[in-house]
Every structure is written in C-alpha cells, then in structure tokens.
Amino acid sequence: MAGSLNKVLLIGRLGQDPEIKQMVNGKNVARLSIATSQTWKDKNTGEKKEKTEWHRVVIFNEGLVNVVQQYLKKGSQVYLEGQLTTRKWRDEKTSQDKYSTEIVLQGFNSTLTMLGGKNLNTETKNQVESKSSLPSEEISADINELDDEIPF
C-alpha cells in the first residue's frame with residue numbers, strides 16, 4: 001500500500017462535562033464523551049427509531065484543551081477531527097489486558113469547532129472556528145433533523 005490515512009470526523013454532543021486532568025509533564029489533557037445519533041423511520045411500522053454511539057475523545061493540543069475547559073459543558077455540540085488510537089492497559093483487579101479505542105486530538109492534524117451558537121458570543125465562536133479547515137456552513141446542519149429512511 002502506497003500510503004494510509006487515519007482521520008476521524010465527528011459531529012456530536014457531549015454526554016457529560018469535560019474531564020480535565022494534569023499529566024506528569026504538567027500539561028493538561030481533556031477527555032470528552034461524545035454522542036452521535038442516527039434516526040430513521042422503520043419501514044414496516046412507520047415508527048421513528050434512534051441509535052446512539054458513544055465516542056471517547058482525548059485532547060492533548062494545549063490550545064484546544066483551554067477552549068474545552070472554558071466553553072464546553074454537557075450538551076454542547078461540537079465538530080472535531082482527530083485520529084483513532086487504541087491503547088493497551090492492564091486491569092489491576094483481574095490482571096487481564098484491556099484495550100481502549102479513542103479519538104485523539106493533538107498537533108496540527110486536530111480540529112475542534114463549537115456548534116449550535118446559542119451559548120456562544122460571536123467573538124468566542126469566531127476564535128474557535130478559525131481552527132477549522134471547513135467552512136461553518138458545511139457543518140452547521142443539525143444532523144438530528146435528517147429524516148432519511150435506512151434501506152433495510
């Protein structure tokens with residue numbers, strides 16, 4: 001294979017307030033739990049169905065950690081770009097190896113944009129969106145309002 005790409009794009013809502021921790025090197029890291037939802041109508045019953053996926057997000061980028069700490073809370077809608085990373089750790093109680101897959105934002109390949117500007121003033125919204133490589137019009141659609149039917 002000539003090359004590869006590890007890139008994740010998400011639009012979702014925080015399921016809880018961000019968790020900010022200080023690492024051994026003194027820098028802060030942010031942990032987020034992001035929910036993405038999919039809705040559709042069941043072809044047989046006409047009933048509206050919904051499925052929610054939860055994503056673990058870890059942010060090492062210092063500027064983005066500061067934005068998260070100051071402006072994000074449970075329910076905030078965000079657009080983010082990062083990379084999938086799987087880490088291995090040992091459960092102390094069972095002595096078994098465990099694996100955790102997370103979306104990691106660090107370095108220049110990371111983007112975090114706050115959406116749903118109800119809680120943002122214009123200055124803050126512009127400051128954060130300047131980190132994004134996508135025009136805000138492309139990502140401002142509320143994905144929960146889509147009413148597409150799944151073909152199966």
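FYI, it's all coordinate maths here, none of it is from the lab. Keep in mind the model is a prediction, meaning the values are calculated, not measured. Ideal geometry is used to build each Cβ from the backbone, glycine not excepted, and the neighbour counts take in all protein chains shown.
Measuring from the lowest to the highest alpha carbon on each principal axis, how far does segment 8-134 reach, largest first, in angstroms?
55, 49, 23
Which residue, Asn61, Thr111, Ser100, has the largest displacement toward the positive end of the dipole of segment 8-134 when charges sit on each Cβ (Lys, Arg +1; Asp, Glu -1)?
About the Cα centre, the residue reaching furthest to the positive side is Ser100.
Strictly over 25 Å apart at the Cα level, which of Lys48/Lys73; Lys7/Lys88; Lys21/Lys74; Lys43/Lys73 would you flag in this model?
Lys48/Lys73; Lys43/Lys73
For a label point 7 angstrom out from the Cα of Val8 toward its Cβ, which stretches of segment 35-59 have the backbone nitrogen within less than 16 Å?
35-37, 52-59, by backbone N distance to the label point.
For a quick check: with amide H placed at 1.01 Å from N, whose amide H comes under 5 Å from Leu72's, ignoring anything fewer than 5 positions away on the same chain?
none
Throw me the Rg/Rh for segment 1-53, computed over C-alpha atoms with Kirkwood Rh, two decimals.
Taking Rg over the Kirkwood Rh, I get 1.22.
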